[in-house]
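The values are calculated or read from the model by the stated rules, or taken from the named source; none is laboratory data. Nothing here was measured: the structure is a model prediction, and the numbers come from that model. Don't worry about glycine lacking a Cβ; one is built from the backbone with ideal geometry, like all the others, and counts go over all protein chains shown. Note: areas computed on protein heavy atoms with side chains; ligands, DNA, RNA excluded. Shrake-Rupley method; radii C 1.70, N 1.55, O 1.52, S 1.80 Å.
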Amino acid sequence: GPRQVASLLGCDNDDLIFTSGGTEANNHAIKGVAIAYRARGNHIITSAVEHPAVTEVCHYLEGQGFRVTYLPVDEYGIVEVSQVEEALTEETLLVTIMHANNEVGTIEPIAEIAQAAHRCGALVHADCAQSVGKIPVKVDDLGVDLLSIAGHKLYAPKGIGALYIRPGVKLEKLMHGANHEQNRRAGTENVIEMAGLGMACELIELKLPAYAGHMRQMRDRLEQGLQGLNCDVRINGHPDKRLPNTTSVSFRGLEADRLLANLLTVAASAGAACHSDQVEVSHVLAAMNVPLEYAMGNFALFRGTLYHLGRNRPGGGRGWRRGWRVDQRPGNRRLKITNKEHECSQTRLAFMSCHPFGREV
């Protein structure tokens, strides 16, 4: 386990501790630095598009007397390095910015942010839960002092994660007890899931270029199909600096919950919750200033390494194993999408998912 994870990240085995997941890793990194270095300052910098596993920790620390700066992002969800530089002070202990966004897939300039933070003596933490397994992630390339990963994001079991700690960085312990994990995290190690995370990392290190190329092909094919629909469609996130598996799509004037309710074979995450008197928009889309008429019709789709396009089956016919399809041909299931300005009629959104052994479900 540790050897394989360390090899993927480009660090030593002793630089890692294993956790119950990405949330614990983020908590340990942020709280651990804040408490260990509190005598030196009380300022933390983060962004407006972080995962709750970071933002909720920052909110907690604000209640403990720490000052937190939440940096804005541009229309693509990118944190500008110049904004980090302007926010840094002598009191800044930590800059914590995600490597890639979990909703829109935008990749942040972590290496440049780390250089700016280190010039002011601040430590840098990157939440890499979303990026590991999709793009190369090496601790020295990013220049970070702390790095979190979540096992289930890269085909390891749920309930396992890891935290990289650069040698010399002090962290206050969150768990107290026996001296497990080099006396940095008490509690009996989850050896079975550590082995699962290790194997997942080994496969990624061996096959990442193929995995990433395949996911990018799937993503691009999906987005081409969506943009070919007779609707006003917007793809969110940076067009180039984006994870190869992530699509955040918005349909203007539609409600995501109602749209997804009609797509029974799709597993997707809605970016807005529409109620009778209000629309609750994702904080990521809000920070990116996505117009409300698009944000309310947003959902995210993710591809994995096991998904592939259709291939011919013996005896004829077209199979879609563990994949998806978007077309506009009339079919058995027709989804009519209508608003004041746009109408997608006689349209079949056939996101077909199939049983691993070829039986359609």
Output wanted: per-residue J couplings in Hz (rounded whole) for segment 85-100, from phi through Karplus 6.51 cos²θ - 1.76 cosθ + 1.60, θ = phi - 60°, x for Gly and Pro.
4, 5, 7, 5, 9, 5, 8, 6, 8, 8, 10, 10, 10, 5, 6, 9
If every Lys and Arg gets +1 and every Asp and Glu gets -1 at its Cβ, then about the Cα centre segment 107-147 yields a dipole, in debye to the nearest 20, of 40 debye
Long-range tail of P(r) for segment 56-113 (Cα pairs > 19 Å, %)
35 percent
Can you give me the long-range amide H partners of Val290? Hydrogens built in the peptide plane at 1.01 Å from N, cutoff under 5 Å, separation of 5 or more residues or another chain.
none
In Å², what does the accessible area per residue of segment 7-60 work out to with a 1.4 Å probe?
33 Å²
Unit charges on C-beta of K, R, D, E only; dipole of segment 93-233, Debye:
200 debye
Could you calculate the FRET efficiency of Lys138 with Lys241 from 1/(1 + (r/R0)^6), where r is the beta carbon distance between them and R0 is 30 Å, rounded to 0.05?
0.95
Two decimals is fine: what is log10 I(q)/I(0) at q = 0.09, 0.11, 0.23 Å⁻¹ for segment 162-277, from a Debye sum with one equal scatterer on every Cα and no solvent?
-0.51, -0.69, -1.32
In terms of Cα to Cα distance under 19 Å, which aspartates and glutamates are near enough to Lys134, apart from those fewer than 8 places away along the same chain?
Glu50, Glu103, Glu108, Glu202, Glu205, Asp220, Glu223, Asp240
Gain in span if fully extended, Gln217 to Asn179, counting 0.36 nm per residue against the direct Cα distance:
9.0 nm
Over segment 82-222, average the accessible area per residue using a 1.4 Å probe and give it in Å², no decimals.
43 Å²
Distance between modelled label sites at Val266 and Glu205, nm, 7 Å Cα→Cβ extension:
3.9 nm
Under a 5 Å amide H to amide H cut-off, with H placed in plane at 1.01 Å, what residues pair with Thr106 once short-range neighbours are removed?
Asn101, His238, Leu243
Of the heavy-atom accessible surface of segment 176-251 (probe 1.4 angstrom), what whole percent is carbon and sulfur?
50 percent
Of the accessible area of segment 1-132, computed with a 1.4 Å probe and all protein chains kept, carbon and sulfur make up a percent value of 47 percent
